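Here is the structure we will look at, set down as structure tokens.
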Amino acid sequence: MQATAHLRYARISPRKVSIVGELIRGKDVKYARAVLSHTPKAAAQLILKTLNSACANAEDKYEDIDTDRLFVSEVLVGAGPTLKRIMPRARGRAFRILKRTSHITVTVAERE
């Protein structure tokens, strides 16, 4: 039994999010929540919100699920659409700024 939650179009680079995602992949939900709440990165709060949503989805979808035996089975981070902006530079030039977005997927499952 597993449940999934998605966070789409998060305004943070996927590279930054995947660093935090690797911290909790395969860990118990209680441990993952503790790690994310004490990690000083902006992506930690986004992943924590998505993890809580996945746990709530599991409780809602399966009535007989034991929430103490849930673990993070999957954390997927993909690139969303990139916002392209222009920064004026010297002598009439224009440099491109890429504002990257992320799609975050957290899947929780019950340990056997």
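The values are calculated or read from the model by the stated rules, or taken from the named source; none is laboratory data. Quantities reported herein were computed from a predicted structural model and do not represent experimental measurements. Cβ sites come from the backbone with ideal geometry, for glycine too, and all protein chains shown count toward neighbours. What goes into the accessible areas is simple: the full protein's heavy atoms, side chains included, and nothing from ligands, DNA or RNA. Shrake-Rupley method; radii C 1.70, N 1.55, O 1.52, S 1.80 Å.
Scanning region 75-100 for residues that are in a strand (DSSP E or B) and among the hydrophobic types (A, V, I, L, M, F, W, C) yields 75, 76, 77, 79, 83, 86, 87, 94, 95, 97, 98.
In the set (1) assigned to a helix (DSSP H, G or I); (2) under 15 Å from residue 106 (Cα atoms); (3) among the basic types (Lys, Arg), the condition left unmet by residue 16 is number (2). Remark: residue 8 matches the filter, which requires a residue to be under 12 Å from residue 105 (Cβ atoms) and open to solvent by 90 Å² or more (accessible area, probe 1.4 Å). Only one entry of 76, 46, 83 meets the criterion of being more than 16 Å from residue 4 (Cβ to Cβ) and either more than 19 Å from the chain's Cα centre (by Cα) or not small (Gly, Ala, Ser) (or both), and that entry is 83.
No other residue among 91, 69, 85, 100 is of a type outside the set (S, T, N, Q) and out of contact with any strand residue (DSSP E or B) (no Cβ under 7 Å at 6 or more places or on another chain) apart from 91. Residue 72 fulfils the conditions (1) among the β-branched types (Val, Ile, Thr); (2) within 17 Å of residue 110 (Cβ to Cβ); (3) in a helix (DSSP H, G or I) except for a single criterion, (3). Take residue 3 and decide whether it is within 25 Å of residue 110 (Cα to Cα), in contact (Cβ under 8 Å) with a residue 12 or more places away in the chain and either among the small types (Gly, Ala, Ser) or open to solvent by 100 Å² or more (accessible area, probe 1.4 Å) (or both). Criteria met by residue 3.
Quick grid of which residues meet (1) within 14 Å of residue 19 (Cα to Cα); (2) surrounded by fewer than 17 Cβ atoms within 10 Å (Cβ to Cβ); (3) of a type in the set (Asp, Glu):
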position: 30; (1), (2), (3): no, yes, no
position: 34; (1), (2), (3): no, yes, no
position: 46; (1), (2), (3): yes, no, no
position: 64; (1), (2), (3): no, yes, yes
position: 95; (1), (2), (3): no, yes, no
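In the condition set (1) farther than 28 Å from residue 82 by Cα; (2) open to solvent by 80 Å² or more (accessible area, probe 1.4 Å), residue 26 is compliant with all but (2). Could you tell me whether any residue of region 50-62 is open to solvent by 80 Å² or more (accessible area, probe 1.4 Å), on the phi < 0 side of the Ramachandran plot, free of Cβ contacts under 8 Å to residues at least 60 places away in the same chain and touching a helix residue (DSSP H, G or I) at 6+ places or on another chain (Cβ under 9 Å)? The answer is yes, given that some residue of region 50-62 is open to solvent by 80 Å² or more (accessible area, probe 1.4 Å), on the phi < 0 side of the Ramachandran plot, free of Cβ contacts under 8 Å to residues at least 60 places away in the same chain and touching a helix residue (DSSP H, G or I) at 6+ places or on another chain (Cβ under 9 Å).
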